[in-house]
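Trainee: Dumping the structure here so I can ask a few things about it.
Please treat every number below as a calculation from the coordinates, not as lab data. This one's a predicted model, so the numbers in the text were calculated from it and none came from an experiment. All Cβ positions, glycine included, derive from the backbone under ideal geometry; neighbour counts span all protein chains shown.
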């Protein structure tokens, strides 16, 4: 299995621009998670999906953030408009069961100037 | 609110010098404590899950233990390839969420 695939690996953009991060989970995994990692706050859960349905988005920081999962093999995290404080590494993870181990992608490093 | 504190923040060891990393947690109704390893530029990689006080898990030079308030990751005779950030994450019983600590950056010098 190729594992969780994220794109782009690096994104540099200017404040106010729209950013879209993409994720392909491991085939057969029913749960998909979006995390954000910063030095100050560590790894934070933003949102998670079960069978393509958003279950809990309480970690999404603001309305500028949105996430979708149109099918079992694809999810997006969108930031519009982006701000410098959104600079972080965004990870997608998937799992077979809710209480099981998470399989993380390699992350998308976002820099907002 | 669930809380996790990992110590030390950074640890530098010589190859073969054994040590332990600490993870102190406060969660309601622990439903598992997870250890992950994260290499630079990579996503976290699962190592262990512990479910009850007294439980131990081993993998090569690593051994994880659990008490009601802490978990330890013991590293025996480490090698340079053990250098990484080690993250712990308890899961509380009130929800599914993993609360990640900020990690311990381990550097093992040859």
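Trainee: Please compute the modelled spin-label separation between residue A:80 and residue A:22, points set 7 Å along Cα→Cβ, answer in nm with one decimal.
Mentor: 1.6
Trainee: Please figure out what share of the DSSP beta bridges in chain B is antiparallel and state it in percent, rounded to the nearest 5.
Mentor: Of all bridge pairs located within chain B, approximately 90 percent are antiparallel.
Trainee: A further question on this structure: Tell me, what is the Rg over Rh of the protein assembly as shown, with Rh the Kirkwood radius over Cα pairs?
Mentor: Checking Rg against Rh, the ratio lands at 0.98.
Trainee: Pull out the extension gain between residue B:42 and residue B:14, defined as 0.36 nm times the separation in residues minus the alpha carbon to alpha carbon distance; nm, one decimal.
Mentor: The residue B:42-residue B:14 span can extend by a further 7.7 nm.
Trainee: Shifting gears a bit: Using Cα centres only, tell me the gap between the stretch A:16-51 and the stretch B:41-58 in whole Å.
Mentor: Using only Cα atoms to place each centre, the spacing works out to 21 Å.
Trainee: Suppose R0 equals 25 Å; then what is the FRET efficiency for residue A:64 and residue A:7 from their Cβ-Cβ distance, rounded to the nearest 0.05?
Mentor: It comes out at approximately 0.75.
Trainee: Rounded, prolate or oblate: which fits chain A, taking a ≥ b ≥ c as square roots of the Cα gyration tensor eigenvalues, rounded meaning a/c under 1.5, else prolate when a/b beats b/c?
Mentor: prolate
Trainee: Based on a Kirkwood Rh over C-alpha pairs, give the Stokes-Einstein translational diffusion coefficient of chain B at 25 °C and viscosity 0.890 mPa s in µm²/s.
Mentor: Using the Kirkwood radius from Cα pairs, D works out to 177 µm²/s.
Trainee: Still on this model: Mind checking the mean number of beta-carbon atoms from other chains within 10 Å of the Cβ atoms in A:103-110?
Mentor: Going residue by residue through A:103-110 and averaging, the value is 3.
Trainee: Which shape class, rounded, prolate or oblate, goes with the stretch B:51-105 when its Cα gyration tensor gives a ≥ b ≥ c as root eigenvalues, a/c under 1.5 marks rounded, and past that a/b bigger than b/c marks prolate?
Mentor: Taking the square roots of the gyration eigenvalues as a ≥ b ≥ c, the stretch B:51-105 is oblate.
Trainee: Let me ask you something else. Separation of the stretch A:58-113 and the stretch B:1-34 by C-alpha centroid, Å?
Mentor: 25
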